[in-house]
Amino acid sequence: MGAYPHGFCPSPGVARLPTGQVSRCEVFRTKSNATTYTAGLNYQVTPDALIYGKISRGYRPGGANATAVPGTSPNFGPEFDRSIEFGGKADYSLGPARARTNLALFTDKYQKIQKLVTSLVNNAPVSVVSNVANGRVRGIELEQTVVPFRGMDLRATWSHLDAKYQQLSPADVAFACNSPYIGFCTLSHFAGTPKNMVTLAAHYTLPLPEQYGEVTIGGDWYTRSRIAVSDNDYIDPSAKSPRYSLLNLNTSWNNVMRSNADLGVFVTNVTNKSYITGTNSLDHNLGIAALQWGEPRMFGVSVRYHFGGS
């Protein structure tokens, strides 16, 4: 039988690899389709206030696993998401201050969520993508801006998330949540969904004569609650990232002395906080936990030049 390029074969059978070795070649076929949509409605209540609503349906196609468990279908189905959002935006005055408020409430309902799960085959772990469960994420987002006086800009954001998987049967939950990554444990949290996040920022533009350019000083403070950084946090303690806060400071000087140059100075993670951003989540079954850490304190200077005019 002639060799196919790089071991590819157009149909199931035996193919000869470039090395001369003979390998069994399997062809997997899968097909999926779906109708997706987005529909929204805005209403301008006043020139400075707007309310809106939006509904959409998302879709992630299915596929096939090359390392399927013997006796099971290698295919996995599509994943769907229906999202509904309502909100409003308003500009208004608070005495001499100007303010803006943006508010959004939303819910996402997921069906047939695709996840990488592990099964034992002859006492060896085999990982495949499967449709593990349904789930939902709902929350609220608030953005507030206040300009109390000329040059001062104050901003605050807050978001609250409630994310849960729909539980499987008690037997499936007990098996998946008490085994070393065999199946998918729906008692785990949605990865990357902190219950609360808050950002506070303040920037002040100095009242300098125009010939000096524009100098702005300020910074921001960010905090978030504990999150799961992988899909296995119920049985793997290393998959949890504790609550942390970060402080960043910056100064910018634009159009330095009426030139086309901009200068900037910044410091990120001022307190040099150590925080976890990810993990390989292998502590439970292999005894190994490799964590990814966030950036340490960094500082720097930036220089930018505008060609062709100020």
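Throughout, read-outs are computed from the coordinates displayed, never taken from laboratory work. What you are looking at is a predicted structure, and each value in this text was computed from that prediction instead of being measured. In this analysis, Cβ positions are derived from the backbone assuming ideal geometry, glycine residues included, and neighbour counts consider all displayed protein chains.
The figures follow:
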{"item": "Relative contact order (%) - the chain, alpha-carbon pairs under 8 angstrom, separation at least six", "result": "9 percent"}
{"item": "Distance violations [Cα-Cα > 28 Å] among 89/112; 31/54; 115/273; 89/240; 115/240; 31/240", "result": "89/112; 31/54; 115/273; 89/240; 31/240"}
{"item": "Rel. contact order, % - alpha carbon contacts under 8 angstrom, at least six apart, segment 188-310", "result": "22 percent"}
{"item": "Charge dipole (the chain, unit charges on Cβ, about Cα centre) - positive-most of 95, 83, 36", "result": "36"}
{"item": "Simple spin-label estimate for residue 304 and residue 223 in nanometres, 7 Å along Cα-Cβ", "result": "3.1 nm"}
{"item": "Shape box of the chain [Cα atoms, principal axes, largest first, Å]", "result": "82, 47, 40"}
{"item": "Straight-distance crosslink candidates among aspartates and glutamates, where the alpha carbon sits under 20 Å from residue 109 and sequence neighbours closer than 8 are dropped", "result": "79, 81, 85, 141, 162, 231"}
{"item": "Within segment 229-268: backbone nitrogen closer than 15 Å to the residue 198 label point (7 Å, Cα to C-beta)", "result": "243-247"}
